[in-house]
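The values are calculated or read from the model by the stated rules, or taken from the named source; none is laboratory data. In this text, all values refer to a predicted model and were calculated from it rather than measured experimentally. Heavy atoms of the whole protein, side chains included, go into the accessibility calculation; ligands, DNA and RNA do not. Shrake-Rupley method; radii C 1.70, N 1.55, O 1.52, S 1.80 Å.
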Amino acid sequence: MNYLSTRGAGAGERHTFSEILLGGLAKDGGLYLPADYPRVTADELTRWRTLPYADLAFEILSKFCDDIPADHLRALTRKTYTAATYCNVRDDESAAQITPLKTLGVEDGAPLSLLELSNGPTLAFKDMAMQLIGNLFEYALAKHGETLNILGATSGDTGSAAEYAMRGKKGIRVFMLSPHKKMSAFQTAQMYSLQDPNIFNLAVQGVFDDAQDIVKAVSNDHAFKAKYKIGTVNSINWARVVAQVVYYFKGYFAATKSNAERVSFTVPSGNFGNVCAGHIARMMGLPIEKLVVATNENDVLDEFFRTGIYRVRKAAETYHTSSPSMDISKASNFERFVYDLLGRDPARVLQLFRDVEEKGGFDLAASGDFARVREFGFVSGSSSHDTRVDTIRDVFQRYDTMIDTHTADGVKVAREHLQPGIPMIVLETAQPIKFGETIREALLREPERPAAFSGLESLPQRFEVVPADAQRVKDFIVANTGE
Ligand SMILES: *Cc1c(COP(=O)(O)O)cnc(C)c1O
């Protein structure tokens, strides 16, 4: 399997899965995609239907990765997808499923269900891919006797998922910047209570954007980056996207009885990483009817899928919402879909994303390409604080099920795209306890707390407060890498 860049630089240049595993952007600023999407045969689909999650993950990863020996890859997926890791769920049987499907009911003739993706260590769907990345990175680094210092900025979910995936991993350190005193008590405790010596929490005196700017400044110091082996695990990482393809298959099998059936998925979206994996599953031949993109008030993607206009927002136009993990100004994985939409024409992709940088966006409304969005199954919708709160309340009253704010955005938009007889699967992206304030507002009660998290906020915390100054962060890295 060869990989190429969406912007086409060095068209003859090909890369393997392992070569792009630890990298981010391609050299030309594009994103990596496989040269062709592997297709799933009818026989494979039949055989995969009954596989345990870890073995399904192995089968799907094998199609994208031919430079890790099969027995090693299988060992990695089996080590990752265990009931012990995805245990924050009702019962053992659900834990064994890794991503259990929870049926809500039938609405407008469509069976409506939630695919639970947040039973892992940090209670958000990012654990699904990040836990595998932790094991893949450790494996790849050990093979070449290398080390890696992961530097990131987080406002919550990504940072904690990365830390829980990398804790205790050989050859890896994590330096995670978060805005000092700006995260919820639960999210802060989740990250800062980690005592592993390879995890460093830096509480930056500033807001999330200050933390993000420091990461950019350090990464742009190429000499420092090379000397201290600085890397990232942000949402454009290709292996993260592939790992997410797996649960679309798992969800499909759980919601259907035969491979003649079709299903739709609704995906609460921010950076377009999660739903990009759904697009890839569909390109592989999974019988997906619709891919519904659900956004919050930050509706960059909804606007595109309704109008053909992609208009990134300025920082001042980005809202802080009660589904904060979807608060984005632009969608960093969107370029992968645009590449496919334009019939894989890298010169046009390059031009469009130059327009994004220079003019703040592009308009495909008038071009024939936009009509093809529906051929790819995409539709969309958006949510607001009021509809989010109403949906949390409604789902609780009707189905006795507590959902978090992001999942609520998904259910709200899913209901606008139901088709009789076609199961609608909403991806559940976080557990309610992570966003307790809105649960209290909607339900006038405390969110459910998985047993393993009782007393989390009173555990001792380990973090370093630093000023919003890139040099101070560099000094900290130098002092703590011993290199
Ligand atoms: C990250 C995140 C999202 C958005 O996912 P993308 O891949 O960025 O589209 C949605 N919900 C939750 C809870 C998240 O943590």
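A few remarks follow.
- The orientation-averaged shadow of the Cα convex hull for segment 324-419, equal to a quarter of the hull surface, comes to 7.9 nm².
- When the alpha-carbon atoms of segment 60-147 are used, the pair Rg, Dmax equals 16.3, 57 angstrom.
- Surface composition of segment 244-315: carbon and sulfur atoms hold 48% of the protein heavy-atom accessible area at a 1.4 Å probe.
- Extent along the principal axes, Cα only, for the chain: 61, 57, 49 Å, with the longest axis given first.
- Accessible surface calculations at 1.4 Å, restricted to protein heavy atoms, place segment 2-95 at 47 Å² per residue.
- Annotation: aspartates and glutamates with alpha-carbon distance below 17 angstrom to Lys169 (same-chain offsets under eight excluded): Asp127, Glu138, Glu146, Asp196.
- Cross-link reach is defined here as a Cα-Cα straight distance under 21 Å, omitting same-chain residues fewer than 8 places apart; for Lys330 the lysines meeting it are Lys27, Lys126, Lys216, Lys314, Lys359.
- Pairs of alpha carbons in segment 394-453 whose separation is greater than 16 Å (percent): 48 percent
- Of the three principal axes defined by the Cα atoms of segment 168-215, the extents in descending order read 31, 24, 11 Å.
- Of the two radii for segment 333-483, the radius of gyration is 1.11 times the Kirkwood radius, both from the alpha carbons; that is the Rg over Rh value.
- You can think of it this way: the chain between Arg14 and Ala35 has 6.7 nm of extra reach, that is 0.36 nm per residue less the Cα-Cα gap.
- Per residue, the solvent-accessible area of segment 219-330 (1.4 Å probe, heavy atoms of protein chains only, all protein chains present) comes to 33 Å².
- Calculated on alpha-carbon atoms, Rg and Dmax of segment 245-346 in Å: 14.8, 49
- Share of carbon and sulfur in the accessible heavy-atom surface of segment 348-394 [1.4 Å probe, %]: 48 percent
- Convex hull volume per residue for segment 108-160, taking Cα atoms only, in Å³: 109 Å³
- With Rh defined as the Kirkwood radius, the inverse of the mean 1/r over Cα pairs, the Rg/Rh of segment 192-315 is 1.07.
- Here the Kirkwood formula, the inverse mean of 1/r across different C-alpha pairs, assigns segment 92-220 a hydrodynamic radius of 16.4 Å.
- Listed by chain and number, the lysines placed with their C-alpha closer than 18 angstrom to that of Lys257 are Lys102; residues fewer than eight positions away on the same chain are left out.
- Accessible area per residue in Å² at 1.4 Å probe, computed on segment 366-476: 45 Å²
- Helical mean residue ellipticity (222 nm; -39500 (n - 2.57) per DSSP H run of 4+; nearest 500) of the chain: -13000 deg cm²/dmol
- Apolar share of the accessible surface for segment 1-86: 54 percent from carbon plus sulfur atoms, 1.4 Å probe.
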